[in-house]
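Below is one structure, written out as C-alpha cells; the observations come after it.
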Amino acid sequence: MEKAASFLSSLLGVGGGGSGGEELEPAATVRSILIYPIKSCRGISVPQAPITSTGFQWDRQWVVVNSKGRAYTQRVEPKLALVEVELPPEAFTEEWHPTPDSYLVVKAPGMDPLKIVLSTERPTVDDVSVWEWSGSAYDEGAEAAKWFSSYFGNPSRLVRFKEASEIRPTNPDYAQGYKIMFTDCFPFLIASQGSLDALNEILKEPVPMNRFRPNILVDGCDPYSEDLWKTMKINKLTFQGVKLCNRCKVPTINQENGIFGTEPTETLLTFRSDEVLRPSHKNKRQVYFGQNLVCRESLSSKGKGRIIRVGDPVYVFETFPSSNEAPA
C-alpha cells in the first residue's frame, strides 16, 4: 500500500518521488499527435509536440476570417477541409525559434502554394471574432488575403492570435484558469482508435479519424473508455478530463472532398446521444465522441520537458463513475 501511495503521489506531483510509471499498467498508448495550425484546415501528424499555455505549440494559432472579421469554420466553409498546412519539422521541438527562412506553407486544390514567413512582425487588426470571443490579431498580409479570397470567392484574411495582448479563457464552469487560441473550447481533445473501430463496425461505410479532429489519438484501450478518464499522466504531465466532446456537423463532412453527409452522426445518435449516455440530464440531442482535456503544467510558465511523444504510455489513475456523471 505504501508503494502504491508513493507512486500516486509522484504522479500527482505532491510527493518527493520520481516519475513512476513502472508499477501501474498503462491504460493506452499515444498513437498519433495531431496539430491544426489553421482553424478548420487539415491537421499535421507529428512525432512529438511541446505543450504551451494554450495547448500544443502551433495548434489553432491562425484562423481565416471574412470581411467582418468573423472566423470561418468547416460548418459554413467546408472547403477548409481541403486546405493543407505545413510547418518545418523542427518547429515541433522544444525551444525552436523561427528564422527568416521559416515558413507556414498553405496548399489547396487549384491554388499555388502560399508561404507565410513565421518570423515577420505583422500589423494588428481589431474586431476578430471566434464564437463568443472577440479581440485583436496579427494580419498575415495582402498576399494571404488575396490567396484565401480567391479560394473562397469572398473577401477573406488570414490572421494569427496575438498572444502578447490577448487572452481567450476556457469556460470556467469546466476549466478555471486555462486559456486557448482559436480552438473551439478547450486546449486538447483526446479520442481512441478503439472508439473509432467500434463505430466503424456498425457503420455501412467506415469513416477515418480525421472526421473527429482529435489532438491526441490513443490506442490499446476499450472503446469509449476515454469518456471516463478524469486524471491521467503522459510523460509526467498531468491531463484532466473536463468535458465530453459534443459533436457539431463537422464529422459529417468528408475531409477528402468537403462534401456534407449524414453519417456518422445519424448512427451516433442511436447509442452516443445524451439521451443514452446521460439519462438523468436534460437532453439536447447532442452526440459525443472524445473528451476535452486541460494540462495542469500549462498553468505554469516555468519548466522544461513539457512535451509528449508518439508511443508514450497513458496512465489513468482517476476516473468518472459513469458517462452520466462525467461533465458534458
Result of the Cβ filter at 9 Å on segment 304-328, keeping first residues that are on the phi > 0 side of the Ramachandran plot and partners that are of a type in the set (Val, Ile, Thr), at least 6 apart or interchain, is GLY311/THR29; GLY311/VAL30
Can you tell me which of (1) of a type in the set (A, V, I, L, M, F, W, C); (2) open to solvent by less than 20 Å² (accessible area, probe 1.4 Å); (3) over 16 Å from the mean Cα position of the chain (by Cα); (4) more than 23 Å from TYR72 (Cβ to Cβ) is the one LEU158 doesn't meet? (4)
Kindly provide the set of residues from segment 88-116 that are under 21 Å from TYR138 (Cβ atoms) and in contact with a Gly (Cβ under 9 Å, 6 or more places away or on another chain), ordered by number. ILE116
So SER40 passes all but one of these: (1) more than 17 Å from the chain's Cα centre (by Cα); (2) touching a residue at least 40 places away in the same chain (Cβ under 8 Å); (3) assigned to a loop (DSSP other than H, G, I, E, B); (4) within 27 Å of ILE259 (Cβ to Cβ). Which condition number does it fail? (1)
Scanning segment 47-97 residue by residue, those out of contact with any Lys or Arg (no Cβ under 7 Å at 6 or more places or on another chain), more than 25 Å from PRO155 (Cβ to Cβ) and of a type in the set (A, V, I, L, M) turn out to be ALA49, LEU87, ALA91
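Here is a list: ASN200, ASN171. Which entry is touching a Pro at 6+ places or on another chain (Cβ under 6 Å) and of a type outside the set (Asp, Glu)?
Values: ASN171 fails: touching a Pro at 6+ places or on another chain (Cβ under 6 Å).
Result: ASN200 is the single residue among ASN200, ASN171 that is touching a Pro at 6+ places or on another chain (Cβ under 6 Å) and of a type outside the set (Asp, Glu).
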Hey, among SER156, SER134, SER129, which residue is polar (S, T, N, Q) and touching a Phe, Trp or Tyr at 6+ places or on another chain (Cβ under 9 Å)? SER156
How many of the residues in segment 47-70 are in a strand (DSSP E or B) and either crowded, with 21+ Cβ neighbours inside 10 Å or of a type in the set (Val, Ile, Thr) (or both)? 9
Per the list (1) closer than 30 Å to LYS230 by Cβ; (2) in a strand (DSSP E or B); (3) not basic (Lys, Arg), residue check on GLU25 breaks on (2)
Test SER32 against the criterion of being touching a residue at least 60 places away in the same chain (Cβ under 8 Å), surrounded by 13 or more Cβ atoms within 10 Å (Cβ to Cβ) and not hydrophobic (A, V, I, L, M, F, W, C), and give yes or no. yes
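Would you point out the residue of segment 287-305, among those that are of a type outside the set (Gly, Ala, Ser) and modelled with pLDDT under 95, that is least open to solvent (accessible area, probe 1.4 Å)? First the steps, then the outcome.
Of all residues in segment 287-305, those of a type outside the set (Gly, Ala, Ser) come to 287-289, 291-297, 299, 302, 304.
Imposing the further condition that a residue be modelled with pLDDT under 95 reduces the set to 299, 302, 304.
Working: LEU299: 98, LYS302: 164, LYS304: 164 Å².
Looking at residues that are of a type outside the set (Gly, Ala, Ser) and modelled with pLDDT under 95, I get LEU299.
At least 3 residues that are in contact with a helix residue (DSSP H, G or I) (Cβ under 7 Å, 6 or more places away or on another chain) and over 17 Å from TYR72 (Cβ atoms) in each: list the strands (runs of 3 or more DSSP E) lying fully within segment 92-139 that qualify.
Working: elements: 103-107, 114-117, 124-130, 133-139.
Counting at least 3 such residues, we get no strands (runs of 3 or more DSSP E) at all.
The values are calculated or read from the model by the stated rules, or taken from the named source; none is laboratory data. Predicted, not measured: the structure shown is a model, and the values here were computed from it. Virtual Cβ from ideal backbone geometry, glycine too; neighbours counted across all protein chains shown. In case anyone asks, the SASA skips ligands and DNA or RNA and just uses the protein heavy atoms, side chains included. Shrake-Rupley method; radii C 1.70, N 1.55, O 1.52, S 1.80 Å.
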